[in-house]
Structure formats: C-alpha cells, structure tokens
1. Per residue of the stretch 154-160, what does 6.51 cos²θ - 1.76 cosθ + 1.60 with θ = phi - 60° give for ³J(HN,Hα)? Whole Hz please, x for Gly and Pro, Karplus curve as stated.
2. Find, to one decimal place in angstroms, the Kirkwood hydrodynamic radius of the stretch 304-410, where the mean of 1/r is taken over every pair of different Cα atoms and then inverted.
3. Restricting to Cα pairs below 8 Å that are 6+ residues apart, what does the relative contact order work out to for the chain? Please round to a whole percent.
4. Is the chain best put as rounded, prolate or oblate by its Cα gyration tensor, with a ≥ b ≥ c the root eigenvalues, rounded for a/c under 1.5, and otherwise prolate when a/b is larger than b/c, oblate when not?
5. Helices from the chain with mean Kyte-Doolittle at least 0.0 and a Cα length along the axis of 20 Å or more, per DSSP H: which?
6. Given the options Val193, Trp215, Gly247, identify the residue whose Cα lies farthest towards the positive end of the charge dipole of the stretch 150-307 (+1 on Cβ of Lys, Arg; -1 on Cβ of Asp, Glu).
7. Among Val7, Ser43, Ser21, flag the residue with its Cα farthest along the positive direction of the charge dipole of the stretch 3-47, charges on Cβ as +1 for Lys/Arg and -1 for Asp/Glu.
8. Nearest 20 debye, what's the magnitude of the dipole of the chain about its Cα centre given +1 on Lys and Arg Cβ and -1 on Asp and Glu Cβ?
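Where a number appears in this text, it was derived from the coordinates with a stated rule and is not lab data. Predicted model, so just to flag it, every value in this text is computed and none were measured. All Cβ positions, even for glycine, are placed from backbone atoms using ideal geometry, and neighbour counts span all protein chains on display.
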Amino acid sequence: MTNGKIVGAPAPRGEGEDKVSGRARYTADMEVPNMLWSKVLRSPIAHGRIKRMDTGKALAAPGVRALVTGADLAGARIGKKIIDMPLLADGVVRYIGEKVAAVAADSEDAAATAASLIEVEYEELEAVVDPVEAAKSSAPLIHPDVTTYPGLLHRMDAPSNVFVRLEWRKGDVAAAFREADLVVENTFTTPLVHHGYIEPHCCIVEARGEGADVWASSKSPFSLRDHMAGALGIPAHKIVAHPGTIGGDFGGKGDANDIALCYVLSKRTGRPVKYLMEYNEELTSGNPRHASVTTVKTGVKNNGLIVAQHMNLLFDSGAYGSFRPQGYLVGAHTSGGPYKIAHFLLEESYVYTNKVPCGYMRAPGHPQGFFANESQLDMVARRLGMDPAELRRINFLHDGDLDPTGTPVGHIQPDQTLDSAIRTSDYHAPKQKNVGRGIALAQWMSKGGESYIGLRVEADGTATLAASLVDVGPGAHTMMQQVVAQELDMPLEDVQVESVDTTRVAKDTGVRGSSSTRVHGSAAWDAADKARTELLGLAAEHMGVPAGDLSIANRGITHLRSERRMTFSELVEAAGRPVTVTGHYSNPSDGPETSMVAQVAEVEVDPETGRFEVRRLTTAHNTGTVLNPLGHQGQIDGAVVMGLGFARSEDIVTDSGRVVTANLGDYKLPNIKDIPPLRTQVSEAAVGSGPYGSMSIGETAVIPTAAAVANAVHDAVGVRVTTLPVTAEKVFDAIRARVEQGPPPRIEGTRGKGPAAPEP
C-alpha cells in the first residue's frame with residue numbers, strides 16, 4: 001500500500017493479530033506489585049432499609065485488609081450527568097444486586113469468602129418493578145430526595161419516580177389530528193437488553209496521595225477522571241487513567257462506579273486494588289439497554305400523507321439514572337424517522353423502578369423508538385391498503401427540510417436508500433405462502449466531540465500517533481493510521497499508534513456515538529496537515545527553495561525542477577529532533593448530514609407452531625466516504641446481528657425485580673446458526689463532517705432491524721407482534737387468537753373521532 005490509495009482501500013486491523021493470538025493484554029490480565037483483590041456483597045432484595053450490618057466475621061477472615069460499607073461513604077454519589085447512585089447503598093437498597101459492602105483481601109477467593117460472611121438484616125419495602133405503575137403518582141417513591149440530586153435535567157417541584165420529562169414539539173398536533181382521514185394508535189414494548197461484550201468490567205486502582213493511577217476496562221479515560229473526582233472530592237488532574245485494550249463496549253464501558261470504590265479501598269490499605277466483575281454480575285447489576293413502552297398515534301390522509309404524529313416514550317431507568325452521559329437517551333427524540341411531518345409531538349419520560357439500573361447501548365434510544373415507529377407505519381399502510389414502502393416514500397425528508405422535531409437536515413437520501421434496499425432484496429418479487437418481507441428505515445446524525453492527538457515523525461522516517469483514544473472494536477486506531485499515511489504519503493505499516501495516559505494529551509471526549517471517525521479522524525488529519533507543513537518548511541529551508549515548489553511523496557519531499565529530494569529521515573536528522581505536532585478537533589454539534597439505512601427482512605413462518613426463520617436480511621446505506629471498506633462492512637454486519645438479537649431472542653427476564661437470565665446460557669445472544677445470509681449495498685457521498693467527507697456507520701444498521709423482522713412476520717401470516725423479542729410463542733399466540741376471534745370488522749377512517757382500533 002506504499003504508492004497506492006490508502007484511504008478507501010481495505011486495511012486489516014492493526015491490533016488484530018495481537019487479539020487473535022492472545023498477546024493483547026486486557027485489564028483482567030494485569031497485575032501490579034502488592035495488589036489486593038476486591039469483592040462486593042450485593043442486596044438480595046429489590047427495595048428495603050438496611051437495619052443492621054455485622055462485619056465482624058468478614059474482618060476476621062484470613063487475608064482481609066479492608067472493608068467498607070455505605071455508612072463509611074455516606075453522601076458519596078456518582079453519575080455521568082445525574083448524580084444519584086451511592087458508591088455503596090446509603091442505608092437503602094433499591095434493586096437486587098446493589099452493592100452494600102466491599103472487601104479488599106490478599107486474593108480473589110479470600111475477598112469473596114469474606115464478603116459472604118457479612119451479615120445484613122433488611123426491612124423490606126414495597127418494590128415497584130413495572131415502569132407504568134411506577135410512573136403513577138400513587139406509586140411508592142424510590143428516591144424521596146430526588147429533587148436534591150445534582151445534574152437533574154429540569155427542576156422538580158416535588159419528588160416523583162418520573163425524574164426526567166422531555167418534550168419535542170412542532171406545529172399544532174391536536175388541530176392536525178382533527179384534519180386527518182385516519183388516526184391509528186398502538187403501543188409497543190421492548191425489554192431490557194445486555195450489550196453482550198465478552199470482557200466483563202474490570203479495574204485496578206492505586207491511590208497516590210490525593211490522586212490515583214487507574215487501569216480500567218473503560219472507553220472514556222477523561223470522563224472516568226471527572227466522574228471519580230466528582231464522587232470523591234479529589235482533583236481530577238491528579239487521577240491518571242491509563243487506556244488499555246477493551247474486549248467490546250457497545251456503549252457499556254463508560255462508567256466509573258466500581259473504580260471509585262476501589263480507590264476508597266486502595267486509599268485505606270495503601271495498596272493497589274483490583275476488581276473483576278463475574279459475568280452473572282454483568283447481567284444482574286450492569287447497565288443494560290432501557291426497557292421501553294411507546295405509544296404512537298398517527299394521523300394520515302387517505303393518500304398516505306402523514307399530517308400529525310404523537311409519540312410517547314416511557315423508559316424504565318431502573319433504580320438509578322447515573323449511567324446516562326446526557327441524562328437521557330440522545331436518540332429517542334429522532335424516532336419520528338426520516339419523514340416530513342408538519343405537526344409532531346414527542347414526549348419521553350424516564351422512571352425509577354426497583355430493577356437493575358440502565359445505561360447507554362449502541363444507538364441509545366433509537367432501537368426502542370424506531371421499532372415502534374417503523375412498525376406503526378406498516379400498520380397504517382395496511383389500514384390504507386398501501387404498499388408500506390410507498391407510504392414511506394411520499395413522506396420522506398429531503399435536503400434542507402426540517403425533521404419531525406424541527407431540526408434542519410443538511411443532507412439525507414432516503415429515496416435512494418429505499419430504492420437500493422428494494423432492488424437488492426427483490427422486495428417486490430413473488431413469494432411462497434407464509435413467506436413475508438418487511439421493510440424499515442432509520443437515520444443517524446454524526447455526533448461531535450473533542451480530541452487532541454500527538455504526531456511524531458521519527459528519526460527513521462516512520463510516524464507515531466499518540467492518543468488516549470481507546471479502540472473498542474471498530475478499528476479506530478487503524479483509521480487514524482490510514483489518515484496520516486494518506487496525508488504524508490507513506491506506507492500504512494510505517495504509522496504506529498501509541499496509547500498514552502491522560503497526562504499526555506490535553507483532552508479527549510472518548511468513544512461515543514460512532515464519533516471516532518469524525519472526531520479522532522479529524523484530529524489525526526489536523527496533525528498530519530501540521531506535520532506536512534513543518535516538513536515542507538524544513539525542506540524549503542535546507543534546499544533554499546519556496547515551500548510551494550515542493551511536493552511530498554513516498555516518505556520524502558521532492559523539488560521537481562531540480563530533482564532534489566530529502567527523505568523524512570534526512571529532514572529529522574537535519575532538524576536535530578523528531579518533528580512533533582499536535583492535532584486538534586472540536587465540534588460538539590450533531591450532523592447536519594445524515595446517514596441513511598433501509599433494511600428488508602425476509603422470513604418464513606410455520607403457522608402451526610409460530611416458529612419462523614429469517615431467510616435473509618438486506619441492508620442498504622447512504623453514507624459518506626468509506627475510509628476502510630473492511631472495517632466499514634464489519635461495523636454493518638455486527639450491527640445487523642445485534643439488531644437480530646434485539647428482534648428475536650434477547651431479553652433480560654426479571655421476576656419481582658430479580659434477573660432470572662443471569663448467565664449467557666439463559667440470555668440468548670445470537671450465534672452463528674442464527675445469522676441469515678446478509679446482503680449489503682453502500683452508496684457514498686463525500687458530504688460528511690469526518691475526514692474526506694466521511695460519516696458515522698457503527699450504529700445505523702442496528703436501529704431498524706427489529707421493525708423489519710416484525711413487519712416481515714406480519715406480511716407472512718398476517719399477525720402483528722408489538723412486544724419484543726418476536727418469538728415463536730408470541731407469533732403462535734397471535735395466530736391462535738386471530739383464529740378464535742375471526743377476522744376483524746373493517747374500520748373506516750376516523751376523521752375527527754380520535755384514535756382508531758389497533759391493527760389485529
């Protein structure tokens with residue numbers, strides 16, 4: 001790849017060989033001298049007061065060096081935005097699995113044994129586990145002091161389990177519904193879903209004076225510092241976070257709750273402390289995707305034009321809201337989709353329940369809201385006797401339009417994306433009996449952020465990038481190497497990435513919202529541009545010619561008229577030092593360009609059992625310049641498979657607040673036998689805000705999959721499942737109910753009469 005195109009050519013992941021060979025070191029692999037192990041005792045009840053705690057036996061156990069309880073840490077709370085979670089239960093437990101005490105001991109087994117010896121007496125309180133019930137004013141309060149919590153998104157005049165209420169409004173929705181020829185209203189629910197990363201959370205913390213060194217399975221080193229500092233009252237700049245290898249993230253590796261607790265234990269013992277979650281703890285006490293209840297009311301004209309829509313999204317936050325970086329799910333308000341709707345109201349609420357606290361997961365808020373909206377549009381189309389694809393088409397947004405919430409959209413290509421999906425999937429081809437095809441669309445605006453990246457041209461002519469960016473799987477380091485290699489016209493293998501701690505760069509917002517290509521790629525481009533300028537300046541000085549007469553090529557600089565050339569190595573030698581620059585990018589805004597995706601699922605259903613097979617899944621994208629086709633396709637395929645899990649099998653099942661799918665044998669992640677043939681079509685337009693006009697891709701393909709599958713099942717056998725996952729049991733029950741009830745009477749439009757009956 002020395003002389004050819006680098007950006008736009010397939011590039012294998014630079015760290016891939018280390019990962020597949022076992023050479024890569026994860027936090028769980030690490031040990032530091034004199035290290036202790038920590039284990040925690042977790043609550044066995046969903047809601048209650050801690051009446052008494054006896055730690056005597058635990059403290060006397062062999063190898064125990066420290067033990068802390070909530071009473072020792074009274075008032076110490078942590079959160080990414082809303083600071084509501086105590087490091088240890090503060091006299092009240094609010095979910096099964098909440099930490100009530102922590103032990104540090106000489107070995108992992110010794111710590112686990114000691115934690116099991118702690119005796120706790122609880123006074124059980126009424127638990128609220130249904131988010132709809134928890135939202136009622138009559139429900140028992142889970143957080144009586146919620147109005148005092150820092151970071152609330154709005155003022156609360158009185159305590160309530162509903163602690164976040166947001167509204168996105170455009171036009172006069174009530175009046176527009178009165179003008180509709182047909183009004184359809186339906187409710188959709190989605191479950192708790194886990195990220196499924198293979199590496200569990202792990203950290204090592206060594207307290208040093210007022211600060212600490214931290215090694216953690218965290219994607220956001222600078223955010224880690226800030227969250228710890230806020231919870232513990234220590235200076236953020238004295239916490240040194242060391243980035244490492246991450247074994248999967250998908251939105252779940254950005255919290256610092258356990259890290260702050262390990263700091264307390266390290267401070268008490270004067271020794272570094274390591275904590276490694278068991279995987280059952282990940283499933284019972286982690287930060288899964290929020291369960292949701294969404295009601296969608298849509299008013300249309302007889303020709304399919306959407307005149308009004310009201311979406312109400314209720315998210316089950318679990319016992320705390322601390323895991324959400326913005327305090328809410330940033331994608332939920334875009335659930336109106338790529339449609340031009342003049343009158344639109346979206347309300348979203350977050351409610352405390354006595355269940356596992358929830359956080360961000362790939363495309364936070366999008367899969368829940370788009371499952372509801374894209375299912376709803378199919379149901380509206382069926383009521384009108386229209387092709388679902390055509391109903392969507394006549395309502396599409398175009399460049400310069402305002403989206404349903406009133407946000408200007410600079411670039412969006414739903415027509416072309418839909419056409420590509422229809423063509424590639426044979427959407428209109430004849431089908432066998434009980435075979436159905438379902439379509440769904442989604443859009444994604446690129447997210448912003450800030451990053452500083454160092455770039456050093458070495459004495460041997462190679463280049464080294466220095467960044468605190470943690471690569472959580474998409475190949476972000478490789479992408480930055482490609483950008484630098486392209487700009488300096490050098491072989492990709494001659495650009496290396498050095499992961500540096502938080503003392504070595506000024507700031508980095510970390511991996512979030514598929515922003516790495518835009519934010520870190522742009523910082524790498526800026527660094528390469530500055531290095532090129534400095535190298536050209538050095539060459540101009542030594543050759544005695546204007547810099548404008550020089551060109552950079554093949555790890556060197558040439559003056560074409562005189563045919564004089566200096567390699568990078570010679571320039572560094574002449575300068576007497578490596579050429580060192582710092583690249584910077586800062587733009588917190590989203591978009592305005594939009595990546596589009598359209599998916600078509602084809603299923604075959606056995607009406608005797610409800611069992612169905614996804615025979616193939618087609619995903620079409622309209623996006624920016626593709627920098628690495630290999631990594632780009634990997635992101636699409638991974639997102640589609642994750643979307644299939646959300647659609648078909650994944651469900652953290654709870655019983656009275658207790659997670660019963662507490663291992664990966666019970667929690668059904670898709671495996672290779674569950675993956676159908678995947679087809680992909682990608683069209684590029686160099687209009688993105690990333691380098692070379694690139695856009696985000698990592699999250700778009702996960703958003704519409706569940707709706708596409710549900711729509712395909714309905715197309716196959718005529719029954720609608722509105723509760724995820726879509727299982728054989730639900731399909732069978734719906735078929736049986738339809739047979740028992742007989743065909744529903746045809747319901748005409750409901751002009752001025754309120755909502756119509758839901759689709760059967």
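1. Karplus values, whole Hz, x for Gly and Pro: 7, 5, 10, 6, 8, x, 7.
2. Hydrodynamic radius (Kirkwood, Cα only) of the stretch 304-410 equals 15.0 Å.
3. Value for the chain: 16 percent.
4. oblate
5. Counting only whole DSSP H runs, the qualifying helices are 629-648.
6. Trp215
7. Result: Ser43, furthest along the dipole toward the positive end.
8. Here the size comes out at about 800 debye.
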